[in-house]
Amino acid sequence: MPPLTVTFTAGPTGAWRIEGISAVSGESLVLAPRLDIAEGTVSARAEAWRLRGVVSHPRYATTVELRQLAAVQPALNRPEATCAALIPIRKSDAWWAMGQDQRRAIFEESSRHISRSMRHLPAIARRLHHSRDLGEPFDFLTWFEYAPEHAAAFEDLVEELRATEEWAHVVREVDVRLTKTEAG
């Protein structure tokens, strides 16, 4: 899959209304009324903040895990998925100093990131954006969409992941909650 650049822009316009922003670790982001999501080139306009990431090849998933995910991972933009969360995170320098095999061992063998997430599919759709190599303030931007009736399942998922060994390496995390609206 060719890389796809995605830009999340918080400001006065966008299809998503920002319901709240909270810092889980480190510095927060400025509260703004709306969030716009654009794929590809983005025009310059006024904003509270802008975060970019690239959707590209999977980094830590095995072939078997990729097949399992493909079988149950729902598409984004489902009509019933009117709730969303954007969770940008930055991991520690110690995390990045490890070999990929060490990071994979913490990511899945210890923390079970993929297997925990699989239990919540297809109720919750997600897309991971890599930002570290773009010089962005976060390493990853994870976008989640779900129907209101799956809000408790989403809360369970983030609570489970934040309690893992992997999250001991997170130095900055912001939780942005949103609802989809007709007007932007």
Filter region 1-31 down to the residues that are aliphatic (A, V, I, L, M) and surrounded by fewer than 18 Cβ atoms within 10 Å (Cβ to Cβ), then identify the one that is modelled with the lowest pLDDT. M1
Given (1) of a type in the set (G, A, S); (2) at pLDDT 90 or above; (3) touching a strand residue (DSSP E or B) at 6+ places or on another chain (Cβ under 8 Å), identify the lone condition not met by G184. (2)
If you check R103, R78, R90, which single one turns out to be modelled with pLDDT of 80 or more and within 15 Å of the chain's Cα centre (by Cα)? R90
Give all pairs with beta carbons closer than 6 Å in which a residue from region 97-123 that is closer than 23 Å to A75 by Cα and aliphatic (A, V, I, L, M) meets a residue that is exposed (fewer than 15 other Cβ atoms within 10 Å of the Cβ) and modelled with pLDDT under 80; count only pairs at least 6 apart in sequence or on separate chains. L121/V72
Taking region 66-88 and keeping only residues that are of a type in the set (G, A, S) and either closer than 16 Å to A123 by Cβ or in contact (Cβ under 8 Å) with a residue 60 or more places away in the chain (or both), one is left with A71, A75, A81, A84, A85
Verdict on L76 being within 21 Å of F138 (Cβ to Cβ) and not hydroxyl-bearing (S, T, Y): yes
Looking at region 127-152, which of its residues are part of a loop (DSSP other than H, G, I, E, B) and free of Cβ contacts under 8 Å to residues at least 40 places away in the same chain? G135
Condition first: under 17 Å from the mean Cα position of the chain (by Cα), in a helix (DSSP H, G or I) and either modelled with pLDDT of 75 or more or not basic (K, R) (or both). Now tell me which residues in region 109-126 satisfy that. H113, I114, S115, S117, M118
Of (1) under 20 Å from A75 (Cβ atoms); (2) surrounded by fewer than 14 Cβ atoms within 10 Å (Cβ to Cβ), E145 fails just (2)
If I filter region 71-109 down to residues being out of contact with any strand residue (DSSP E or B) (no Cβ under 8 Å at 6 or more places or on another chain), of a type in the set (G, A, S) and surrounded by fewer than 11 Cβ atoms within 10 Å (Cβ to Cβ), which single residue comes out as nearest to E27 (Cα to Cα)? A94
With respect to E166, is the statement that it is surrounded by 17 or more Cβ atoms within 10 Å (Cβ to Cβ) and more than 14 Å from the chain's Cα centre (by Cα) true? yes
Assigned to a strand (DSSP E or B) and modelled with pLDDT of 95 or more - does that describe any residue in region 156-170? yes
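The values are calculated or read from the model by the stated rules, or taken from the named source; none is laboratory data. None of the values given here were measured: they were computed from a predicted structure. Neighbour counts run over all protein chains shown; Cβ positions are idealised from the backbone, glycine included.
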